[in-house]
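Okay, structure first, notes after.
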There are 2 protein chains.
Amino acid sequence: MQTPLIDDLISALKVLPGVGAKSAQRMAYHLLERDRKGALRLAETLNEAMEKVGHCRQCRTFSENEICPICASAKRVQDEICVVESPADIAVIEQSGIFRGTYFVLMGRLSPIDGIGPEDIGLPILELRLQQGGCSELIIATNPSVEGEATAHYLQQIAKNYDVKVSRLAQGIPLGGELEYLDSGTLTQAFLSRREV
Amino acid sequence: MQTPLIDDLISALKVLPGVGAKSAQRMAYHLLERDRKGALRLAETLNEAMEKVGHCRQCRTFSENEICPICASAKRVQDEICVVESPADIAVIEQSGIFRGTYFVLMGRLSPIDGIGPEDIGLPILELRLQQGGCSELIIATNPSVEGEATAHYLQQIAKNYDVKVSRLAQGIPLGGELEYLDSGTLTQAFLSRREV
């Protein structure tokens, strides 16, 4: 018994991940009641971003420029390439400040069941970069899921053809984690990768 | 280290209630990656809704028409008026199907501390409706919070001047609730309002 336009707004908001009917209604009312300016700014930014944001030609992350700020930066070590599944992974790695190289974003992972092959995750572009010799170390930072591991394995096979060091992010106990609540897979990795001190 | 446009999109998304930096980033990437069409439709609907949705002249709920569908409906009992704090309350009452009258939406509640007085919650409009004699029962459905109770009390005082029955939604144990986990305020109400069976 909403008016059609409010119904439309609620159903349009459900396009957002994690937003169901109830939250969408709450959002619609909130915007109408308290922040129409913010809603208009959101609409404008959505339009602009959807139109202008494409992918960096070199690393495939989202960017409105042909080359993203990280790839274009003279301060980054261009020949260390960290391979991640998504732009969100870049954000979290950048936050840690531990890595000063560049990235390559798969925008997904290998998944034959879903018909996602090497071309779909841009591996020809990455291989071209390896061929051109611009890479000294390939750091594989795909997620430790089944598909992520398969993708990592495939990347290792590719890298073998080139003179490039390949590494994979360490697996083990997360900081602040408690042994008591750790899954046995992680614990197994922590044992296998134990270091002498 | 996002590009400026993606940063803009993320910060614009934070206008939504319950959306912080992390969810906003997730939403932005999701839209860019998987649903640009949905994002454009959202932008369009936001624009249209913010521009066209105003308030029903009779009950003050959100509506793009001068009179909302409920107030305009011949099937509704026009002289039973249920007073609620927000349009979201109408949605949940309509879902239950228990009420066939019309509404009056305060769009807030009395709160002298925040400078919200009777005019701000539209009480002159409601009083005009009572004066015109178009109301047989006023059902007060404000929230059982301190401000909601104060507002309910104020509404009762107004209604006294007119020949109108006034009622308040019952307070007690919610369906499926367990005594063990009930707060003592609710339990007290449940005892005070107990019914002979």
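Determine, yes or no, whether residue B:112 is surrounded by fewer than 16 Cβ atoms within 10 Å (Cβ to Cβ) and not assigned by TED's automatic domain parsing to the domain that holds residue B:86.
No: the conditions fail for residue B:112.
Among the residues of region B:131-146, the one identified as in a helix (DSSP H, G or I) and either surrounded by 14 or more Cβ atoms within 10 Å (Cβ to Cβ) or touching a residue at least 12 places away in the same chain (Cβ under 8 Å) (or both) is B:131. Restricting attention to region B:103-122 and to residues that are at pLDDT below 95 and not in a loop (DSSP other than H, G, I, E, B), the residue that is farthest from residue B:60 (Cα to Cα) turns out to be B:113.
Here B:128, B:42 are screened, and the one residue that is free of Cβ contacts under 8 Å to residues at least 60 places away in the same chain, assigned to a helix (DSSP H, G or I) and not assigned by TED's automatic domain parsing to the domain that holds residue B:160 is B:42. The set of residues in region A:1-17 that are facing chain B (nearest Cβ under 7 Å) and closer than 18 Å to residue B:23 by Cβ comprises A:12, A:13, A:15, A:16, A:17. Is it true that residue B:156 is farther than 25 Å from residue B:67 by Cα, out of contact with any Cys (no Cβ under 6 Å at 6 or more places or on another chain) and modelled with pLDDT of 90 or more? So residue B:156 passes the test. Restricting attention to region B:99-125, the residues being touching a Cys at 6+ places or on another chain (Cβ under 9 Å) and within 28 Å of residue B:185 (Cβ to Cβ) number 4. Here residue B:100 does not fit the description of being of a type in the set (Lys, Arg) and outside the structural domain of residue B:80 (by TED's automatic domain parsing). Looking only at residues that are touching a helix residue (DSSP H, G or I) at 6+ places or on another chain (Cβ under 7 Å), more than 24 Å from residue A:6 (Cα to Cα) and facing another protein chain (nearest Cβ under 7 Å) in region A:50-77, which one is surrounded by the most Cβ atoms within 10 Å (Cβ to Cβ)? The qualifying residue surrounded by the most Cβ atoms within 10 Å (Cβ to Cβ) is A:62.
Is it the case that some residue within region A:104-111 is of a type in the set (Ser, Thr, Tyr) and within 18 Å of the chain's Cα centre (by Cα)? Within region A:104-111, one or more residues are of a type in the set (Ser, Thr, Tyr) and within 18 Å of the chain's Cα centre (by Cα).
Any chance region B:36-47 includes a residue that's more than 7 Å from chain A (Cβ to nearest Cβ) and farther than 14 Å from residue A:47 by Cα? Checked region B:36-47: no residue is more than 7 Å from chain A (Cβ to nearest Cβ) and farther than 14 Å from residue A:47 by Cα. Within region A:48-65, the set of residues being touching a Cys at 6+ places or on another chain (Cβ under 7 Å) and either under 14 Å from residue A:122 (Cα atoms) or among the charged types (D, E, K, R) (or both) comprises A:56, A:58, A:59, A:61. Against the definition (at pLDDT 95 or above and at the interface with chain B (Cβ under 7 Å from one of its Cβ atoms)), how does residue A:28 come out, yes or no? No; evaluated as a whole, the condition is false for this residue.
When restricted to residues that are in a loop (DSSP other than H, G, I, E, B) and away from chain A (no Cβ under 14 Å), region B:78-88 contains 0.
If you check A:197, A:146 for being β-branched (Val, Ile, Thr), over 27 Å from residue A:58 (Cβ atoms) and modelled with pLDDT of 90 or more, only one passes: A:146. In region A:89-101 there is no residue that is within 14 Å of another protein chain (Cβ to nearest Cβ), small (Gly, Ala, Ser), crowded, with 21+ Cβ neighbours inside 10 Å and part of a strand (DSSP E or B).
Restricting to region A:149-166, what's the tally of residues that are more than 24 Å from residue A:79 (Cβ to Cβ) and in contact (Cβ under 8 Å) with a residue 24 or more places away in the chain? Of the residues in region A:149-166, 1 are more than 24 Å from residue A:79 (Cβ to Cβ) and in contact (Cβ under 8 Å) with a residue 24 or more places away in the chain.
The values are calculated or read from the model by the stated rules, or taken from the named source; none is laboratory data. Predicted model, so just to flag it, every value in this text is computed and none were measured. Cβ atoms come from the backbone with ideal geometry, glycine included; neighbour counts cover every protein chain shown.
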